[in-house]
Amino acid sequence: MAPTSLTAASLVDALAHSKRVIVQLPDPPLEYNSLSIVADELGSFMHKYDNEMVAVLSSFYDPDPYGQDRRGKEIKIRIKSPQLNILAGSTPSNLLQFVPEGAWEQGFMSRMILVYSDEKIIGDDFATESKPLNKDLMHDLNIINTLHGKYSVSTEYRDAVNAWRQSEEQIDGFPKPSHPKLAHYNTRRRVHLYKLSIVAAAERSNALLITKDDFNRAMSWLVEAESQMPEIFTASGGGLDAQVLDEAAFFCQSYTLTKKMVPEQALVRFVSQRVPAHTVMRVVDNMVRSGMLEIVSTDERTSLRVFRPR
């Protein structure tokens, strides 16, 4: 398990120290370095979008040999087979603020499977009973931890993958994600499927064989996640302007509880406290164009309007 907060250099060091060697006589020993990053908040792990850190993370997506020479020091790090898992949480708005616009077209975000849910789980904060760990689950995890070697694929799995690719990666009429920010994610969709297939195969059996059942299960996981991915960009609220629009709409609704109409002066004063001066009227006009406000009257002398919220 990796520390929660890391720099690019400390991540490489932590992975270098997470070395495991499996003796498999008479064959050569199996050597690899595996590390897991688990963070409740993405910002706790990576405080800002750091290009150096992102480059290192992207290079660990595939277990290709990795080397790093530290400048000014006689330190040479060589990792034969690096493997890194990341499980991190974030809100949609924080994620979109964290990731620069151009980064969606780069490799890092295409290597991420984004899982969105707005489910609210209400539990008992004062419950004293705790559920024991599932013994069967712990038994299976211990066995999975001993599995090693190369996976093979069955003929049926190969046929299923080829048929899926020939159908432009549609499954049961469900196409690949079409949101513009997910265009580069689609380029690695097939690799995501393969990795999920290995997970399904390891959970199902000790045999190092991926079958059509594993294809179906991995595809169901992928489709379930992808069906909700566009909601991330909707749930984010669309940025500062959208938040101000919502706040202004609430202000207008509250204003009419004591007064019948909303004078433009009052709305302008409210909005000007939240956005730069040159964007105030744009926000007000957008509220009118979007139907959030109805113009009731316009003063011929001052051109000031009176609004009614809808």
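The values are calculated or read from the model by the stated rules, or taken from the named source; none is laboratory data. Source: prediction; values computed, not measured. FYI the Cβ positions are ideal-geometry reconstructions off the backbone, even for glycines, and counts take in every protein chain you see.
Before moving on, here are some points about what is shown:
- Taking the numbered list (1) buried (at least 16 other Cβ atoms within 10 Å of the Cβ); (2) small (Gly, Ala, Ser); (3) under 18 Å from Leu196 (Cα atoms) in turn, Ser90 passes all entries but (3).
- First in segment 140-168 and closer than 29 Å to Pro28 by Cβ, second anywhere and in a loop (DSSP other than H, G, I, E, B), Cβ under 6 Å, 6 or more apart: Gly149/Leu208; Tyr151/Leu208; Ser154/Thr211; Tyr157/Thr211
- Matching residues in segment 14-58 - criterion: being of a type in the set (Asp, Glu) and either part of a helix (DSSP H, G or I) or under 17 Å from Thr4 (Cβ atoms) (or both): Asp40, Glu41, Asp50, Glu52
- Of residues in segment 164-194 being surrounded by fewer than 11 Cβ atoms within 10 Å (Cβ to Cβ) and small (Gly, Ala, Ser), the one nearest to Glu226 (Cα to Cα): Ser178
- Qualifying positions in segment 255-265 - closer than 13 Å to Pro309 by Cβ and loosely packed, with under 15 Cβ neighbours inside 10 Å: Thr256, Leu257, Lys259, Lys260
- Selection status of Val280, assigned to a helix (DSSP H, G or I), under 16 Å from Phe250 (Cβ atoms) and in the same structural domain as Leu245 (by TED's automatic domain parsing): no
- As for segment 290-310, it holds no residue that is outside the structural domain of Tyr194 (by TED's automatic domain parsing), part of a helix (DSSP H, G or I) and either exposed (fewer than 14 other Cβ atoms within 10 Å of the Cβ) or modelled with pLDDT of 90 or more (or both).
- All positions within segment 285-305 that are closer than 16 Å to Gln253 by Cβ and either in contact with a strand residue (DSSP E or B) (Cβ under 8 Å, 6 or more places away or on another chain) or in contact (Cβ under 8 Å) with a residue 60 or more places away in the chain (or both): Met287, Val288, Met292, Leu293, Glu294, Val296
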